[in-house]
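Here's the structure we're looking at; comments come further down.
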Amino acid sequence: MDAIETIYSRKSIREYAGGEIPDETLRRIVEAAARAPSSKNSQPWKLFLLRGKALEALRNDYLNGFDRGKEPNFEYVYNPERVPESYKARAIALGRAIFAHKGIRRDDTQKRRQHDRENFAFFGAPYLFILAVEKDGYALGTFFDCGLFFQNLMIAIAAEGLGSCPQFSAMSYPDILHSHIPESANLTFIAALPFGKPLAESNVNNFTTEREPIEKFFRIVDSPPLL
Ligand SMILES: Cc1cc2nc3c(=O)[nH]c(=O)nc-3n(C[C@H](O)[C@H](O)[C@H](O)COP(=O)(O)O)c2cc1C
């Protein structure tokens, strides 16, 4: 696949088949991700891979937390205090579209909770990357660098014929993450990336999202403005 094709082939995968990913493949993915540029080549990212019993133990604690109604306690603020109307509208449209796709009615609180719960099960994925950064060493720019790394990770996963789903919701319980990830006290967790082989006959994996036409966000400036 060429780069553009691979970018188009990536989409969020929310249902997984089992199956082991060879260590060489995992290594190739992580090495490709680490080719991301970063300001002054600072490479601020830290990455953890959870699989097997370690992942099951984390999943178990996450689901127990969710089922007991544990409140999310994010380590960093994702959204601006006042979310611009255009972002809000797109978030609402996404929610509506995915619920409609899954056949979940607006008033079906049980099914909506089940939908949320799937996030806390990391969508049943057999592998989970967790991206982190040093607590004392980050600013907006560092997060930008980490975003480039994270995108490379997703694209490399897609290039290997696998699927993933970026997750901020999995950052809900940093205390649980810290207790499962050794030597992480000095780290801030940024995002999770469940991944694996996509389940083929999956309704939710057929869900596709739209994008704004580029004219909404893109301008060519090729001559100075006239006074
Ligand atoms: C930083 C980040 C956090 C996200 N968090 C979640 C999440 O917690 N749960 C989820 O189902 N999807 C999550 N998503 C996936 C987005 O909903 C998805 O990328 C977007 O709707 C576009 O769809 P696509 O990935 O299929 O192209 C997240 C995406 C990003 C980039």
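The values are calculated or read from the model by the stated rules, or taken from the named source; none is laboratory data. Computed from a predicted structure; not experimentally measured. Heads up, the Cβs are rebuilt from the backbone with ideal geometry, glycines too, and the neighbour counts pull from every protein chain shown. In case anyone asks, the SASA skips ligands and DNA or RNA and just uses the protein heavy atoms, side chains included. Shrake-Rupley method; radii C 1.70, N 1.55, O 1.52, S 1.80 Å.
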* Structure fact -> Computed over segment 104-214, protein heavy atoms only, probe 1.4 angstrom, the accessible area per residue in square angstrom equals 48 Å²
* Asked: At each listed q (0.11, 0.14 Å⁻¹), what is the log10 of I(q)/I(0) that the Debye formula gives for the chain modelled as equal alpha-carbon point scatterers?
  -> -0.62, -1.03
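Give me the percent of accessible area attributable to carbon and sulfur for the chain, probe 1.4 angstrom.
54 percent
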* **Check: the chain dipole with +1 on Lys, Arg Cβ and -1 on Asp, Glu Cβ, in debye** => 560 debye
* Asked: With charges only on Cβ, +1 for K and R and -1 for D and E, what is the dipole size of segment 116-227 about its Cα centre, in debye, rounded to 20?
  -> 100 debye
* Can you tell me how much longer the chain between ILE220 and HIS178 gets when fully stretched, taken as 0.36 nm per residue apart minus their C-alpha distance, in nm with one decimal? => 10.6 nm
* Binning every alpha carbon pair distance of segment 92-152 at 10 Å from zero, what are the percents per bin? -> 17, 31, 29, 21, 3
* Structure fact -> To the nearest 0.05, the calculated FRET efficiency linking ARG117 and ASN60 through their beta-carbon distance, R0 being 22 Å, is 0.95
* To do: Return the Cα extents of segment 27-139 along principal axes one, two and three, sorted largest first, each rounded to a whole Å.
  => 50, 41, 27
* Asked: Between exposed chymotrypsin sites (Phe, Trp or Tyr not before Pro) in the chain, where DSSP calls loop and at most 15 other Cβ atoms lie within 10 Å, what's the longest gap?
  -> 79-167
* Where Rh is the Kirkwood radius over the Cα pairs of segment 93-227, the temperature 37 °C and the viscosity 0.692 mPa s, what D in µm²/s does Stokes-Einstein return? -> 184 µm²/s
* Structure fact -> With every protein chain kept in place and a 1.4 Å probe, segment 1-102 has an accessible area per residue in Å² of 71 Å²
* Given only helices, namely DSSP H runs of n ≥ 4 each adding -39500 (n - 2.57), what is the per-residue ellipticity at 222 nm of the chain, to the nearest 500 deg cm²/dmol? -> -12500 deg cm²/dmol
* Structure fact -> Counting only DSSP loop positions in segment 159-227, the trypsin sites (Lys or Arg not before Pro) whose Cβ has at most 15 other Cβ atoms within 10 Å are ARG211, ARG219
* To do: Putting +1 on Lys and Arg Cβ atoms and -1 on Asp and Glu Cβ atoms, find which of ALA185, LEU148, PHE74 reaches farthest to the positive end of the dipole of the chain.
  => PHE74
* Using the Kirkwood radius over Cα pairs, work out the Stokes-Einstein diffusion coefficient for segment 1-84 at 10 °C and 1.306 mPa s, in µm²/s as a whole number. => 92 µm²/s
* To do: Starting from segment 137-215, pick out the GluC sites (Glu not before Pro) whose DSSP state is loop and whose Cβ has at most 14 other Cβ atoms within 10 Å.
  => GLU183, GLU201, GLU210
* Per-pair calculated FRET efficiency, R0 = 25 Å: ALA17 and ASN206 via Cβ, rounded to 0.05 -> 0.95
* Roughly what percent of Cα-Cα pairs across segment 181-227 reach past 16 Å? -> 74 percent
* Asked: Which entries in LYS70/LYS102; LYS11/LYS40; LYS11/LYS102; LYS88/LYS197; LYS11/LYS197; LYS53/LYS197 show an alpha-carbon gap greater than 22 Å?
  -> LYS70/LYS102; LYS11/LYS40; LYS88/LYS197
